[in-house]
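Working notes, beginning with the structure itself.
The values are calculated or read from the model by the stated rules, or taken from the named source; none is laboratory data. Just so it is clear, the model here is predicted, and its values are computed rather than measured. We place every Cβ from the backbone using ideal geometry, glycine too, and count neighbours over all the protein chains shown. Note: areas computed on protein heavy atoms with side chains; ligands, DNA, RNA excluded. Shrake-Rupley method; radii C 1.70, N 1.55, O 1.52, S 1.80 Å.
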Amino acid sequence: MLTRRDFGKLTLGGLAAAGLKADAVSGAASLNSVFGGVHVGAQTYSFRDLPHTPGGDAVDNVIKALTECGISECELFSPQVEPQFASGARGRRGDPPSPEAVKAREDLRRWRVETPIEHFRDVNKKFEAAGIKVTAYCYNMNMSFTDAELERGFEMTKAFCTDVMTTSTTLDVARRLAPMADRHQINVGLHGHSNITDPNEFATPSSFATAMKMSKYFKVNLDIGHFVSADFDPVSYIRAHHADITNLHLKDRKKHQGDNAPWGEGDTPIKEVLQLLKKERWPIPVDIEYEYRGQGTSVEEVKKCVAYAKQALA
């Protein structure tokens, strides 16, 4: 088992020893993050600290980060594709949204619905040119979304040449999504968190089972860290439901609603999960989701996670 000490050793020197370049990878052909037959990518939310270009998106910065990490595929976080609209100062919890926030929400909705689909195809071409495959498009939806906004998520997903849309959402939204998923024939990976007290949330095995009865295209985007924090066993769940899993999120958390932790310090069996996929040869992509408080930049911390995964799969 890789320990906290092992993880701490994965500095730039350790990365080089693991076979990863410490500097940016040059050229699309040199990117390959398939280790032991397991496709290791990143949820680009990991690079949420990277800035948008003025009036534009964060796509170029995300591609640069993935390239520096030697990652050849990703689950693309939609806010990094979208422009940022000024919403003003955030009020206290429970306060009604400010006029600026209402306008920003309407502007974003309009952008999503009215932006030509060719724009998203062009964004995908940037990833392809860098040698990075978008394996899933992450489009988080809630009850404020209009039907047109929900529908647009499927169209965007197709523009990225993938048949998987992942989403952090709720059961009431899933009921609205089910007929759309059937119509578009796009798999929806329902992302779980660790809130087991709200029956509308995705967190428990039963919540996933309820949703999967709504559509044959509803699957599970299993976050093994959140699953452990909610006191469930990801290894046994993956064994039983591997055919229903679109992709995994890799992170380390502690049990009993514990915090995120550097890999090897929490209770999440990251190595055991990776070795299970390698042994069984199940075609489930895994995506690093950097959320713990690291000492370095997001790129430096994700590099450590890549090296950890590669060592676990050696």
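Points worth noting:
- One chain, two ends: residue 209 and residue 233. Fully extended at 0.36 nm per residue, the span grows by 7.1 nm beyond their Cα-Cα distance.
- The length gained by stretching the chain between residue 176 and residue 52 to full extension, at 0.36 nm per residue less their Cα-Cα distance, is 41.5 nm.
- Label-to-label distance for residue 146 and residue 95 is 2.8 nm, based on points extended 7 Å past Cα in the beta-carbon direction.
- For the chain, the antiparallel share of DSSP beta bridges with both residues in that region comes to about 15%.
- Out-of-range pairs (alpha-carbon distance over 19 Å; input 133/158; 125/158; 219/304; 126/278): 219/304; 126/278
- Distances between placed amide hydrogens fall under 5 Å for residue 133 paired with 73, 74, all partners being 5 or more residues away or on another chain.
- Per residue value of the accessible surface for the chain (all protein chains in place, 1.4 Å probe), Å²: 45
- Counting only protein heavy atoms and a probe of 1.4 Å, the accessible surface of segment 22-167 is 54% carbon and sulfur.
- Per-residue ellipticity at 222 nm computed for the chain from its helices equals -12000 deg cm²/dmol, with DSSP H segments shorter than 4 residues left out and the rest contributing -39,500 (n - 2.57).
- The amide H of residue 247, built 1.01 Å from its N in the peptide plane, has 222 as neighbours under 5 Å, considering only residues 5 or more places off or on other chains.
- Hz values of 3J(HN,Hα) by residue in segment 219-234 - Karplus curve (6.51, -1.76, 1.60), Gly and Pro given as x: 10, 10, 9, 7, 8, 5, x, 4, 4, 5, 4, 8, 6, 10, 9, x
- Candidates 236, 194, 78, ranked by Gaussian network fluctuation over the chain, Cα under 10 Å, top entry: 236
- Charges were assigned to the Cβ only: +1 to each Lys and Arg, -1 to each Asp and Glu. The resulting dipole of the chain about its Cα centre is roughly 500 debye.
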